Amino acid sequence: MKRAKARSMQPALAVGCSWLVLACLLSAMVGATAWGAAARREVANFSLLDLRGANHELYRAEGKVVVLFFTGSGCPIARKSTSTLKELRDAFGGRGVSFWLINTYAGDSTRDAQKEAGELGLFGFPYLRDPRQGVALSLGVQRTAEVVAIETERWEVIYQGALDDRFAEGAEKPKPQAHYLRDALEAHLSGRPVDMARTQARGCRLTFAEVGGDAGVPSYAKDVVPLLKTHCVECHREGAIGPWTMDGHGRVKNYARMIEEVLLTRRMPPWDPDPDFGKFANAHSMTREETQTLQRWVAAGAPRGDGPDPLAEALPPLPDWVMGKPDVVLRLPNPEQIPATGVLEYRHIEIANPFTNEVWVAATDIKPGNRKVVHHAILYVKAQGARDDGTGNGLHFCGWAPGTPPSRYPAGVAKRLPAGAKLTLEMHYTTSGAPETDQTEVAFYLAPGPQPRNVEVRRAEDFHLEVPPGSDEARHSATYAFRKPATLYSLAPHMHVRGKWMRYELLLPDGKRETLLNVPRYDFNWQHGYGLAEPRKVPAGAWLLVTGAFDNSAKNPSNPDPSQRVRFGLQSWDEMFIGFFEAADEPEPGVSTASVTR
């Protein structure tokens, strides 16, 4: 799915599915036990954030069973049910059963959920938010206070419905006579079949997005294809980064269930900052309505419909450069030869500077010549009297890694390239199993002359990493001190394959603390730069605090060896902890631009 806007399961239960209607009729005729076969179904993986902004992924849950309790602020039945939920947690928590609360009211804010969780004493539970309602829709949840119990060996639903029979619409028993969830858990943990695998939930009805018209099934041509073209096709087309092409209905239908899963796990579109912190100019997430449109279409069997296939239409050729024709293109002087196998050291390749005078660069883009082998590329600039960023290579001028977008700066902001500067392109290559070549290019878009603000790539970093073997939450931090007033333009977390999460906070001289960015699930495969929608002015004396954690446990599927103690290093199996950011010092009154930027 689309990068700039961009494990396989059965299609999930959705509102309006014909087999759900049939199941409801059967239930009315022969009783709740008829739901048993429907309940035993494999569920799609999902990822949701809790009230602290931490990520929780279903398929990484520990224990034998995960019980999901769906709730929403203010629902009286959901509120009254929490005491029973606590009793069940106390009774089964030590027997391998986890209990997760999921707020699935689209209009509830994190503050709303925190307020109710505090009132009801629920901070002992993982309390997750599902504002797009994707998980509820996937599981066919229709009401709050509904529970879904999932066993973790085959990820199948063993029970879905009410906690017990205490509540009904407008009625309440002094105490329950039937204990549906308790009985289901006892049976499963004892190795017996669950006799009653489905009951009717009695909470407040959920309101989902109105998509799909009167039939409840979105139209492929009118509803689905426009979303795919907006969010997905740019990457999933011939010659682009996506692993398969969206060139027609048949191909998309093959991947329909996978599309649902990557939506639920937030792997696609690849954009995953915590929405409670910061607004970003290059944000490219999908809305609740868009997500539910795709989910409902997948749940209906991904129907084709009548008429021509809009995805089969020929696409215009991909542009050489997404920001248009550059003023200057720098290129590796010769094709780099990459062997089929082996571990490769970083290559530092000098590129001729095409300028004899000082220039100001208003935008940059880097185009890998061969994405199969280019791990990252960084252009360094060395000039007489200029600072070094601590690497010995000079100043980090611009860079590329998977997910990094082109950089264009606001009016009056540019990067100064001094006269006579030495340019070096750092290339990190990984082998692909066959001999390859690469000739990466760097595009410059020039400003008309000197600009008031010279933006630089800066960093808060920790070279003294110590990640213990087996640790799933090895925390580290780094700081950067602003000695002069400055303006922040973008943030770019960097770790390797054990990176778990990273957060940027601004510590102000008056004692206030502001979260600029929280990335709850760092993904080494998509190293985004987060451009601030509104540049943030920072006073002198402020500090940037970057905190994060590594997952060096066996639970991390990307971990090459959880038995190893990991330290700082250049290769991907080593680790780094760098909070990159772009900032420019404020011009000093009465001082010329040229003297300020040197």
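The values are calculated or read from the model by the stated rules, or taken from the named source; none is laboratory data. Keep in mind that this is a model prediction, so the values were computed, not measured. Every residue, glycine among them, receives a Cβ derived from its backbone with ideal geometry; neighbour counts consider all protein chains shown.
Before moving on, here are some points about what is shown:
- Of all residues making up segment 425-446, the number that are surrounded by fewer than 18 Cβ atoms within 10 Å (Cβ to Cβ), farther than 14 Å from residue 376 by Cβ and not hydrophobic (A, V, I, L, M, F, W, C): 6
- Selected residue (criterion: surrounded by the fewest Cβ atoms within 10 Å (Cβ to Cβ)) from residues of segment 42-72 that are within 20 Å of the chain's Cα centre (by Cα) and closer than 19 Å to residue 160 by Cα: 61
- Summed over segment 165-178, the residues that are assigned to a loop (DSSP other than H, G, I, E, B) and touching a Ser or Thr at 6+ places or on another chain (Cβ under 9 Å) give a count of 4.
- Taking segment 101-137 as the range and being in contact with a strand residue (DSSP E or B) (Cβ under 7 Å, 6 or more places away or on another chain) and closer than 16 Å to residue 264 by Cα as the test, the residues that pass are 102, 103, 104, 128, 129, 130, 135, 136.
- Within the span defined as segment 24-32, every residue fails to be in a helix (DSSP H, G or I), in contact with a Phe, Trp or Tyr (Cβ under 7 Å, 6 or more places away or on another chain) and modelled with pLDDT of 95 or more.
Matching residues to (1) in contact with a strand residue (DSSP E or B) (Cβ under 8 Å, 6 or more places away or on another chain); (2) under 18 Å from residue 283 (Cα atoms); (3) among the charged types (D, E, K, R); (4) assigned by TED's automatic domain parsing to the domain that holds residue 53:
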position	(1), (2), (3), (4)
490	yes, yes, no, no
494	yes, no, no, no
500	yes, no, yes, no
503	yes, yes, yes, no
507	yes, no, no, no
512	no, no, yes, no
518	yes, yes, no, no
522	yes, yes, no, no
525	no, yes, no, no
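- Restricted to segment 504-597, the set of strands (runs of 3 or more DSSP E) holding at least 1 residues that are of a type in the set (S, T, N, Q) comprises 513-519, 543-550.
- Selected residue (only one of 424, 391 is more than 29 Å from residue 242 (Cα to Cα) and under 31 Å from the mean Cα position of the chain (by Cα)): 391
- Candidate set: segment 100-125, residues that are assigned to a loop (DSSP other than H, G, I, E, B) and either in contact with a helix residue (DSSP H, G or I) (Cβ under 6 Å, 6 or more places away or on another chain) or of a type outside the set (Gly, Ala, Ser) (or both); chosen: the one surrounded by the most Cβ atoms within 10 Å (Cβ to Cβ): 104
- Residue that is basic (Lys, Arg) and closer than 30 Å to residue 294 by Cα, where the choices are 198, 192: 198
- Scanning segment 382-407 for residues that are in contact with a Ser or Thr (Cβ under 8 Å, 6 or more places away or on another chain) and either in a loop (DSSP other than H, G, I, E, B) or surrounded by fewer than 21 Cβ atoms within 10 Å (Cβ to Cβ) (or both) gives 382, 393, 394, 406.
- Residue that is modelled with the lowest pLDDT [pool: residues in segment 343-370 that are assigned to a loop (DSSP other than H, G, I, E, B) and under 31 Å from the mean Cα position of the chain (by Cα)]: 343
- First in segment 439-464 and within 17 Å of residue 544 (Cα to Cα), second anywhere and among the charged types (D, E, K, R) and in a loop (DSSP other than H, G, I, E, B), Cβ under 7 Å, 6 or more apart: 459/389
- Which listed residue, of 143, 129, 154, is surrounded by fewer than 24 Cβ atoms within 10 Å (Cβ to Cβ) and out of contact with any helix residue (DSSP H, G or I) (no Cβ under 9 Å at 6 or more places or on another chain): 154
- The C-beta contact set for segment 70-99 (first residue in the same structural domain as residue 146 (by TED's automatic domain parsing) and assigned to a helix (DSSP H, G or I), second residue surrounded by 13 or more Cβ atoms within 10 Å (Cβ to Cβ) and β-branched (Val, Ile, Thr), distance under 6 angstrom, 6+ apart or interchain) comprises 78/71; 78/144.
- Between 332, 318, the distinction of being surrounded by 13 or more Cβ atoms within 10 Å (Cβ to Cβ) and either modelled with pLDDT under 95 or not small (Gly, Ala, Ser) (or both) belongs to 332 only.
- Note on segment 238-249: residues that are farther than 14 Å from residue 403 by Cα and surrounded by fewer than 17 Cβ atoms within 10 Å (Cβ to Cβ) amount to 5.
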